[in-house]
C-alpha cells in the first residue's frame with residue numbers, strides 16, 4: 001500500500017511537471033506570437049500601411065504600447081484625409097480635421113512644416129485669400145455686367161488662374177475690350193453717314209435707300225461701318241446685323257459669331273473674329289475677300305475694293321484692287337513700315353493703304369506712285385481715317401489734320417477741338433467730340449453731313465486702351 005502511494009505521488013508530480021512544461025512552453029509560444037504580431041503591426045504602421053497595421057494591432061488588445069500605436073495610426077489616416085482635402089482646396093473640411101489632430105501623436109510626422117498646426121495656419125491664410133479672391137471675382141462680374149470692363153479686367157487679372165470661372169470671365173472680358181477698342185461709333189460712307197448713340201441705337205444722315213426703317217429695329221450696337229452702299233452693325237455680343245442686299249448680293253450674317261471688328265467695302269463686308277481669323281461676304285471681283293489664309297489678325301480695314309489686315313507681329317496684309325502695287329510699295333520702303341499700330345484703307349479709282357506708327361507718324365502705300373498725300377510732317381497722331389481722295393489724322397491734343405491727294409501740304413481743320421474719333425468718306429469728314437457731338441465738313445449735296453440734330457454719339461473709354469509689343473490689348477492711359 002505504501003509503495004502504491006509513492007507511485008501515485010510520483011505520477012502526480014510527473015504530471016504536474018509535464019503540465020508546467022506545457023504551460024510555460026505555451027505561454028512562451030503565445031508571448032513570442034504576440035511579440036511577432038506586434039512587431040509586424042508596428043512595422044506596417046511605420047511603413048505607412050496604417051489600416052492593415054491597425055487590423056493586426058487591434059487583435060492584441062492592451063499589449064505593451066499597442067494602443068498608442070493604434071491611436072497614432074488612426075490619427076495618421078485622418079491626417080492623410082485632411083491633406084487630400086487640402087490639395088483639393090476643401091479648406092474648411094481639412095481645417096476641422098487638422099484642428100482635431102493638434103497636440104496629438106501622429107505616425108511618421110517628422111517635419112515641422114507638416115504638423116497639423118502648420119496646416120491650420122496655412123489654411124487660415126488661404127481661406128482669407130480665397131475670400132478676398134471670391135470677393136474680387138464677385139466685384140468683377142458686377143463690373144462686367146454693368147459694362148465697366150476696365151475695372152473688371154483689373155480685378156480678374158489680379159486673380160488669374162484662381163478658378164476656371166475666373167479664367168473664362170477674363171477671356172470674355174478681353175474679348176469685349178478688344179471689341180470696344182476697335183469699335184467705330186461714327187462712319188462716313190459714299191452717300192450717307194451713320195453713328196452709334198449712347199443708348200446703342202443708330203443715327204443716319206444722307207440719301208436713304210430704304211435703310212432708316214431697318215436701322216430703327218437695331219439695338220445693342222457698339223460699332224458701325226457705312227463705307228459702301230449699305231450699313232453693317234456690330235452688336236455687343238459679337239453678332240452682326242446689316243441692311244441686307246448689296247446690288248445683286250444678298251448679305252446674311254445671322255451665323256457670324258465672336259466678331260470683334262467689322263468693315264464695309266463698296267460691295268462687300270469683312271468681319272474680324274476673336275481668334276484672329278476673318279470672315280467675309282459680297283463681291284469678290286477684285287479678290288478683295290480672299291482672306292481665308294490670314295491668321296493672327298488684330299485689326300482690319302476695307303477700302304472700296306481692297307482689304308487690309310494688321311497681324312500681331314505688325315505685318316500688313318492687302319488683297320483686292322491695287323494690292324500688288326501697294327505691297328510692292330511697302331516692300332520697297334520696309335524700314336518705314338515698322339511699329340504699325342493702326343490701319344486705314346481708302347481710294348476710289350486709285351486705292352491706297354495708310355498706317356499709323358507707334359511714334360505718332362503716318363505712312364501710306366499707293367497703287368499709283370504718281371499721287372501722294374503730304375503726311376511726312378504729321379506727328380502726335382493717335383488715329384487715322386482714309387477717304388476717297390483725302391486722309392485725316394487725329395492729334396493727341398484733339399485737333400484734326402487733313403491732306404488731300406496731290407496737295408503739297410496738309411491743313412488743320414479750323415474750329416475742330418476736343419475731337420476723340422474721326423472718319424473719312426467720299427469727299428467729307430466726320431469728327432466726334434468728347435461731348436458726344438459730331439462735327440462734319442465736306443461734300444453735302446446729299447445731306448450726308450447733316451448731323452447737327454443727332455443724339456449724343458457714344459464715346460469709348462476703351463479707345464484709350466493700347467497694344468503691347470506683342471499686340472495684346474492692355475489697359476492704356
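Observations, loosely collected:
- Label assignment, Cα Rg over 2.2 N^0.38 Å derived from the structure, set (i) 1.04; (ii) 1.46; (iii) 1.74: (iii)
- In the chain, Cα pairs under 8 Å separated by at least six residues give a relative contact order of 9 percent.
- Cα gyration tensor shape of the stretch 108-241, rounded if a/c is under 1.5, else prolate or oblate by comparing a/b with b/c: prolate
- When both the stretch 309-330 and the stretch 173-245 are represented by their alpha-carbon centers, they are found 26 Å apart.
- Each peptide in 170-182, 435-447 gets a packing score, the mean of other Cβ atoms within 10 Å over its residues, and the list from highest to lowest is 170-182, 435-447.
- Rounded D (µm²/s) - the stretch 131-170, Kirkwood Rh over Cα pairs, Stokes-Einstein at 37 °C, 0.692 mPa s: 345 µm²/s
- Between residue 117 and residue 168, the contour length at 0.36 nm per residue exceeds the alpha carbon distance by 14.8 nm.
- Rounded if a/c under 1.5, otherwise prolate or oblate - the stretch 162-209, Cα gyration tensor axes: prolate
- Cβ-based exposure ranking for 118, 374, in which fewest neighbours within 10 Å come first: 118, 374
- Distance between the pseudo-spin-label points of residue 284 and residue 96 (7 Å out from Cα toward the beta carbon): 6.3 nm.
- A full extension of the chain between residue 372 and residue 158 corresponds to an added length of 72.3 nm, given 0.36 nm per residue minus the alpha carbon distance.
- Inter-label distance, nm, simple model (7 Å from Cα along the C-beta direction), residue 328/residue 450: 4.6 nm
- The stretch 271-347: C-alpha gyration tensor shape, a/c 1.5 cut-off, then a/b vs b/c: oblate
Read-outs throughout are calculated quantities, based only on the coordinates presented, and are distinct from any laboratory measurement. Predicted, not measured: the structure shown is a model, and the values here were computed from it. Because the Cβ atoms are built from the backbone with ideal geometry, glycine has one as well, and the counts that use them run over all protein chains shown.
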